[in-house]
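Worksheet: the structure to be examined is printed underneath.
The values are calculated or read from the model by the stated rules, or taken from the named source; none is laboratory data. Small disclaimer: the values here were computed from a predicted structure and weren't measured. Positions of Cβ are backbone-derived with ideal geometry, glycine not excepted, and every protein chain shown enters the neighbour counts.
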Amino acid sequence: MSVYTELSRPDFEAVLNGYELGTLRSFEGIAAGIENSNFFIDTQGSPNSGRYVLTIFERMADDELPYFMRLMKYLSHHGLSCPDVMVRQDGELIFDTHGKKGCIISCLPGRTLDELNLAQLRSSGRALAQLHLAGREFPEHRSSPTGMEWLSDRIGGMMADVEKRYGEGSAMLLFDELAFQKEQTFDLPAGVIHGDLFVDNILFEGDEVTGIIDFYYAHDAAYAMDVAISLHAQAVLPGEDDQARMQAFLKGYGELRLLSDAEKAALPVLLRLGALRFWVSRLFDALYPRGGAMIQTKNPEEYRKKLVLHRAS
């Protein structure tokens, strides 16, 4: 993820003093994503030494963090390849530094890819289904942080700035799609979803997924919403082979969990909703940027184009 908080070597050493992971050997910032500050840290001198990821939370409320920590621990112990959260000597999963909260998680094998081929999309679909199945009995719940109320507030609050910077057409598209989505109702199978399964949150070795990371958008919602988000993030480029790419992902997903007829019928509308959500989020970050040492702001136009594409289909 992007680095907004800069830590010195003594800062890392002070954090590690609360764990039994060994002493600090090296560290480096991770410049990808847009939400938190992340660093690779390498430790030595202990049976538990190795490479870990240290995260500083930049936006989340402190009372939200325990949910994500317990969810990752649960999923990692219930059949999903995802990071495990390291436990401090005092039994806590979260540390404090510079007035902010953070955690240390295990570092999984594999690497992220910029674009997935058909075999990788199929493997990613299987991994998402595995996540949905692994989380079925997770006892905690969290509502969507980007639900209809959030969409309405965000769009209303930045409409004038959107029109000024991106034109009247973009402002009217936001307004029209929001009105359409407010009229939709679904009764679909639901549970824990990832909510942000972009290619930089999936690790691969060859064509096979080795792990899913970054669960900080996880919440309870329709599984088909997670499928729609993932299709946008991984399969829709847009390009002439998008249908084949989407089908590869859906085929992989169906190998472990079959979509119901109701989920299949809802998917076109959920694709529109997913595009709207990410377009709004990126518009907000582009219009009202934050400072930071290593910041990646993603292009809002990508999701405006995807919304237009799915409105026309």
Considering only residues of segment 94-132 that are out of contact with any helix residue (DSSP H, G or I) (no Cβ under 6 Å at 6 or more places or on another chain) and among the basic types (Lys, Arg), which is surrounded by the most Cβ atoms within 10 Å (Cβ to Cβ)? Lys100
Which of the residues belonging to segment 57-85 are hydrophobic (A, V, I, L, M, F, W, C) and either in a loop (DSSP other than H, G, I, E, B) or modelled with pLDDT under 95 (or both)? Phe57, Met60, Ala61, Leu80, Cys82
Residues Arg142, Arg136, Arg88: which one is at pLDDT 95 or above, among the charged types (D, E, K, R) and either more than 17 Å from Gly195 (Cα to Cα) or crowded, with 18+ Cβ neighbours inside 10 Å (or both)? Arg88
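Give the residues of segment 275-298 that are hydroxyl-bearing (Ser, Thr, Tyr) and at pLDDT 70 or above, sorted by residue number.
Answer for segment 275-298, where residues must be hydroxyl-bearing (Ser, Thr, Tyr) and at pLDDT 70 or above: Ser281, Tyr288.
Among the residues that make up segment 40-50, is at least one of them under 22 Å from Ala218 (Cβ atoms) and in contact with a strand residue (DSSP E or B) (Cβ under 8 Å, 6 or more places away or on another chain)? So that I can check it myself, show each step before the final result.
Filtering segment 40-50 for residues under 22 Å from Ala218 (Cβ atoms) gives none.
Scanning segment 40-50, I find no residue that is under 22 Å from Ala218 (Cβ atoms) and in contact with a strand residue (DSSP E or B) (Cβ under 8 Å, 6 or more places away or on another chain), so the answer is no.
Is there a residue in segment 173-182 that is at pLDDT 95 or above and assigned to a strand (DSSP E or B)?
no
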Residues in segment 150-167: is at least one in the same structural domain as Ala224 (by TED's automatic domain parsing), under 30 Å from Gln130 (Cα atoms) and without any contact (Cβ under 8 Å) to a residue 24 or more places away in the chain? yes
